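Following: one structure in C-alpha cells, then a few remarks.
The values are calculated or read from the model by the stated rules, or taken from the named source; none is laboratory data. Bear in mind the structure is a predicted one, so any value in this text is a computation, not a measurement. Here Cβ is always computed from backbone atoms with ideal geometry, including for glycine, and neighbour counts include all displayed protein chains. When the accessible area is computed, the model is the full protein with side chains, heavy atoms only, and any ligands, DNA or RNA have been set aside. Shrake-Rupley method; radii C 1.70, N 1.55, O 1.52, S 1.80 Å.
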Amino acid sequence: MPLESSARLKVVNDTSALPAPDRNDLTAADRPSLIGPLDTILVDVFNVPDLSREIQVDASGRISMPLAGTIDARGKTSEELARAIEATLRARYVRNPEVTVNIKSSVSQVVTIDGQVVEPGLYPVTNQMTLMRAIASAKGLSEFARQDDVVILRTVGTQKMAGLYNVAAIRRGAYDDPPVYANDVIVVGDSPQRRLFKDFVSLSALLAAPLIAIIQR
C-alpha cells in the first residue's frame, strides 16, 4: 500500500480499535489460473517419478525442486510454470523433460508482513489471526526491531485506515492484541506509514491505547 507524498492522517479520537473491514474488502482479486504465494501445486515430470511431487509456493512466490533448483512461480499459469521447469531441467541435462503442473489449492486470504521481522512475506489468515500471531508467523521481530512502531494498514469500505501499535504494551496487557484480517498490511519499524503519525505520537506514548487514523489524500 504505497503512500503518496501528499497523504496525511486524520486521527480518530472516539475509538481505540481499527474497524473491521467490510465483507467485500476481504475478497482479493480473482486469480483462478495464476499461481501465487503459498499456493500448493502438483508437479508431474513424465517418466521421472523421483521429481514428481506436491510443492507449496513460498511467501516470495518461488518453488524449489531437485535438479531444477529455485524457480519463480508467482503470476505464472500452470502451463507457463511447466515450461519454465522443463527449460531448467533441460539445462541440467534431463533429456526431453515433459512436465505438467496443476494447482491443488489456492490461497487468497493472506496478510502482508513487512519491515523488521525475521521473515517478511505473505501469510495465510485464519479466523483467529491477531497482530501478535501474525508477527509470530513471520518468525517474530528482528533483533533490533522497534516495538513501538508497528502499523496495520486496512481498507474499510472506501477508506484507507491505519493503526499504530506498541507490541511491548500488548505483551504487558495494556490493551488487547488487535485482530488481523485478509488483505491487511503490517509494517514493523520505520516506514512512510509510521512517519505519518509523527505529529501525534508526542500526544500518546501508545502505552494505554493505539492510535487509529484515516489516511487522507
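Remarks
- Most mobile of Asp190, Asp177, Asp50 in a GNM of the chain (Cα contacts under 10 Å): Asp50
- The calculated P(r) of the stretch 100-158, using every Cα pair and 10 Å bins from 0, goes 19, 46, 24, 10, 1 in percent.
- Each residue, Glu80 and Ser105, gets one label point 7 Å from its Cα in the Cβ direction; the gap between the two is 2.5 nm.
- Exposure ranking of Tyr175, Tyr181 by accessible area [1.4 Å probe, largest first]: Tyr181, Tyr175
- Loop-exposed GluC sites (Glu not before Pro) per DSSP, neighbour cap 11 Cβ within 10 angstrom, longest uninterrupted part of the chain: 5-142
- Model label points for Arg90 and Glu54, set 7 angstrom from Cα along the Cα-to-Cβ axis, are 3.1 nm apart.
- Amide H contacts of Val117 (H built 1.01 Å from N, under 5 Å, at least 5 apart or other chain): Ser142
- Note on Arg171 and Gln128: the model spin-label points, each 7 Å out from Cα along the C-beta direction, lie 2.2 nm apart.
- Cα pair count fraction exceeding 24 Å, expressed as % - the chain: 51
- Based on the convex hull around the alpha carbon atoms, the stretch 140-199 presents an average projected area of 4.9 nm².
- Charge context of Arg146, other residues only, Cβ under 12 angstrom, K/R +1, D/E -1: -3
- Accessible-area composition of the stretch 91-179, carbon plus sulfur, in percent [1.4 Å probe]: 47
- Share of pairwise Cα-Cα distances greater than 22 Å in the stretch 89-217 is 43 percent (whole percent).
- Along the axis of the charge dipole computed for the chain (Cβ charges of +1 for Lys and Arg, -1 for Asp and Glu, origin at the Cα centre), the listed residues Thr40, Ala209, Ala17 are led at the positive end by Ala209.
- The stretch 97-142 and the stretch 144-193: distance between their alpha carbon centers, rounded to Å: 17
- Working from Cα pairs under 8 Å separated by at least six residues, relative contact order for the chain is 27 percent.
- Principal-axis tilt of helix 78-91 within the chain, Cα atoms, nearest 10 degrees: 60
- Partners of Lys76 within straight-line reach, counting lysines whose Cα lies under 23 Å from its Cα and excluding those fewer than 8 residues away in the same chain: Lys104.
- Estimated vicinal HN-Hα couplings, Hz - the stretch 135-152 in sequence order (Karplus 6.51, -1.76, 1.60; Gly, Pro = x): 4, 5, 4, 8, 6, x, 6, 6, 4, 10, 4, 8, 5, 8, 10, 10, 10, 10
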